[in-house]
Amino acid sequence: MTCDSPPKNTGFLRTQRFRAAGAAGVLLAAALLTGCGQDSGDTSTGTATSEAARAVPERTATPSYSASKSASPSATLTKDQKDRKTLLDSTKITFDKAVTTAEGAVSGGKVVELDLRGPGESDDDTDRESASPTASASPSGTASPSGTASPSGSASPSPTGSAASPSASASPAATGPEWVATVAAKDGTEHLVRIDAVSGKVIKSTEDSQQDAGEKSRTADWIAKAKQTPQQAAKAATDKKQGTVTSLDLEENDKNVLVWSVEVVDKGWTETTVDVDAATGSVTAEKTDTD
């Protein structure tokens, strides 16, 4: 009669095993779902990261802004500064070489003025020298403006035509930068010497035909008093203000002191005039051009 108990217990254990298996299945399914959710989340995170990585180069690969900032200083230069930069960029012969060349063109000559000029710039000394043949082309004053006839009845060439050739030969057209030097002989006679600032060759050397005796005497006196050479004066000026020498001139200042007035252009293309005592070599004045 007790033989019925084992079947009841067996069914209970089987039911418990089914329930346990079902619970395990539920837990496994939950774990799988959780894993899928995490995988899904990681995938979206990875996608977002990839999109951000692709966006970064697009934001940073724009060098045009920094390039425009680096180029901006040149846009702030004044017209005078731009002109100085253009002139110096095309000049190959330094002032000291120009001094040596100019003095070599005049026997026993000394440079009393030197100036770097661009092509086409007005040169009063050159204009004056080239104009003098025109003024003396017709000393008798008999040639008519048209140049058709002379008082003697013989045909005479037009003064305009005859003056044109000396003028052209005295002032050749400049094709590049030039050093224009005034070189004085020992007696004070001045010569205008033009030097190609690229090749260093002498373009033209002419004597100042309009210099009077008083001017010659004054120039000779200055040469004797100037103990400092142009090179020494330039060194004193550039020791005071670093840069490139573009001009120097022997002259008396407003206190009647003989000085070398030296113009120096610095790296910012600003020009400073430095006065150097021609006897002692000391700097007596300094003035910067703000243009």
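Counting charges near VAL198 (Lys, Arg +1; Asp, Glu -1) among other residues having Cβ under 14 Å from its Cβ returns a value of +2.
A simple spin-label model places pseudo-atoms 7 Å from Cα toward Cβ; at GLN242 and THR290 they are separated by 2.5 nm. Once all protein chains are placed together, THR76 keeps about 100 Å² accessible to a 1.4 angstrom probe. Defining a contact as two alpha carbons under 8 Å apart and six or more residues distant in sequence, what relative contact order in percent does the stretch 176-291 show? Relative contact order comes out at 17 percent.
Simple spin-label estimate for ASP96 and ALA213 gives 4.1 nm between the two label positions (7 Å along the Cα-to-Cβ direction from each Cα).
Taking a sphere under 14 Å around the Cβ of THR290 and counting the other residues whose Cβ falls inside, with K and R at +1 and D and E at -1, yields a net charge of -3. A full extension of the chain between SER205 and ASP89 corresponds to an added length of 39.2 nm, given 0.36 nm per residue minus the alpha carbon distance. Within the shell defined by Cβ-Cβ distances under 13 Å, the residues around THR189 carry a net charge of -2, with Lys and Arg each +1 and Asp and Glu each -1. Within the full protein context, the accessible area of ASP187 is estimated at about 90 Å² for a probe radius of 1.4 Å.
Protection proxy ranking for 92-98, 238-244, using the average of other Cβ atoms within 10 Å per residue and placing the highest first: 92-98, 238-244. Charge dipole (Cα centre; +1 on Lys/Arg Cβ, -1 on Asp/Glu Cβ; no other charges) of the stretch 184-291 amounts to roughly 460 debye.
May I ask you to give the average projected area over all directions of the convex hull of the Cα atoms of the stretch 192-291, in nm² rounded to one decimal? Average of the hull's projected areas for the stretch 192-291 equals 7.9 nm². Pairs from the table (LYS227/LYS267; LYS97/LYS186; LYS92/LYS186; LYS92/LYS225; LYS240/LYS267; LYS97/LYS235) lying more than 25 angstrom apart at Cα are LYS227/LYS267; LYS92/LYS186; LYS92/LYS225.
Along its principal axes, the stretch 80-119 has C-alpha extents of 38, 17, 16 angstrom, given from the largest down.
In this label model, SER282 and GLU252 are separated by 2.1 nm, measuring between points 7 Å along each Cα→Cβ vector.
The values are calculated or read from the model by the stated rules, or taken from the named source; none is laboratory data. This is a predicted model, so every value here is computed, not measured. In this analysis, Cβ positions are derived from the backbone assuming ideal geometry, glycine residues included, and neighbour counts consider all displayed protein chains. When the accessible area is computed, the model is the full protein with side chains, heavy atoms only, and any ligands, DNA or RNA have been set aside. Shrake-Rupley method; radii C 1.70, N 1.55, O 1.52, S 1.80 Å.
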